[in-house]
Amino acid sequence: MSADEPQDPLRDPLPDLSELSRKDWAGALRRIVEAEGAYLELDDEHHVMQVGDGDRLVITFESAADIRNNQDLSVPFGLRVARAHDVSVMVVMCLKPTWFRAQAVYDFFDNLTDNGELDDYDHVRFYGTGLGGYAAAAYSVAAPGSDVIAISPQATLDPRVTEWDPRFVSMRKRSFTDRYGYAPAMCQAARHVLVLYYPEEDLEAMHSALFARSGGEPGLTRYRCRHMGPDLQGALDDMKILDEVVRL
């Protein structure tokens, strides 16, 4: 690159934020994103980061805790995708484990749909793991014909459907029956849905089975990741294949 050629932040290596305090981490992450794209606060619990100008879009749903504790360099996985591939990336981040069940998130995806912004891309892919996998499936309804990759997703936390799952009892206070609620139903308009799950974890396998019973089986692939452990995203990353799984 010549001295006169403009700098492209997406070519720069991602900085290591892993040693920063939570406050400093949040500020550093915002500065990185704003140097490359846009950072938007939907409400006190949900933020959106947009980078890249490719004609394909990857939307990742990530929690701040997972980013800080489990992601390389403590930066969102979506930013890594943006650097590795010529795609646009939207990271929807929850600051608390909300499963992205909030009016501000509903409104955000409603606006994307109403304004036709997702129609501007040649293809859209939704990605997430755990609570992010739930959201990837649930919000894919905003982009019919998209792809969904959901790792260890929950189908819903509505106790009338999943009273057998005691892991997230506190989340039963949030509604899973209004907008973008039941993930298996919301992703039926997707082109293809890939659900990866760890079959040795009974509750996880039961959630994945709800996707198979949603009526969307022709476009659904459920992949049993035996012997890979409960951290499937980490296992795929260690095998150096996670980027290939997610990329368009």
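Here are the numbers for this structure:
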item: Identity of the residue in the range 234-248, in a loop (DSSP other than H, G, I, E, B) and not charged (D, E, K, R), that ends up farthest from the chain's Cα centre (by Cα); result: 239
item: Test set (1) open to solvent by 10 Å² or more (accessible area, probe 1.4 Å); (2) closer than 24 Å to residue 32 by Cα - residue 145 fails condition number; result: (2)
item: Test result for residue 112, in a loop (DSSP other than H, G, I, E, B) and in contact with a helix residue (DSSP H, G or I) (Cβ under 7 Å, 6 or more places away or on another chain); result: no
item: The range 1-29, subset open to solvent by less than 60 Å² (accessible area, probe 1.4 Å) and at pLDDT below 60, residue nearest to residue 82 (Cα to Cα); result: 10
item: Among (1) more than 17 Å from the chain's Cα centre (by Cα); (2) among the hydroxyl-bearing types (Ser, Thr, Tyr); (3) modelled with pLDDT of 95 or more - the single one residue 170 does not satisfy; result: (3)
item: Top-ranked residue of the range 30-50 - restricted to ones that are assigned to a helix (DSSP H, G or I) and surrounded by 14 or more Cβ atoms within 10 Å (Cβ to Cβ), ranked as modelled with the lowest pLDDT; result: 36
item: Selection status of residue 230, open to solvent by 80 Å² or more (accessible area, probe 1.4 Å) and either touching a residue at least 40 places away in the same chain (Cβ under 8 Å) or not in a loop (DSSP other than H, G, I, E, B) (or both); result: yes
item: Selection within the range 67-105 - part of a helix (DSSP H, G or I) and open to solvent by less than 10 Å² (accessible area, probe 1.4 Å); result: 67, 74, 77, 78, 79, 81, 82, 105
item: Matching residues in the range 177-196 - criterion: being open to solvent by less than 70 Å² (accessible area, probe 1.4 Å) and part of a loop (DSSP other than H, G, I, E, B); result: 180, 181, 187, 189, 190
item: Close pairs (6 angstrom Cβ cut-off, 6 or more residues apart or separate chains): closer than 17 Å to residue 133 by Cα in the range 216-227, modelled with pLDDT of 90 or more and among the basic types (Lys, Arg) anywhere; result: none
item: Which numbered condition residue 131 fails, given (1) out of contact with any Ser or Thr (no Cβ under 9 Å at 6 or more places or on another chain); (2) modelled with pLDDT of 95 or more; result: (1)
item: Condition met for residue 61 (in a loop (DSSP other than H, G, I, E, B), buried (at least 24 other Cβ atoms within 10 Å of the Cβ) and either touching a residue at least 40 places away in the same chain (Cβ under 8 Å) or not acidic (Asp, Glu) (or both)); result: no
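The values are calculated or read from the model by the stated rules, or taken from the named source; none is laboratory data. If you're wondering where the values come from, they're calculated on a predicted model, not measured in any experiment. Using ideal geometry, Cβ is built from the backbone for each residue, glycine included, and neighbour counts are taken over all protein chains shown. Heavy atoms of the whole protein, side chains included, go into the accessibility calculation; ligands, DNA and RNA do not. Shrake-Rupley method; radii C 1.70, N 1.55, O 1.52, S 1.80 Å.
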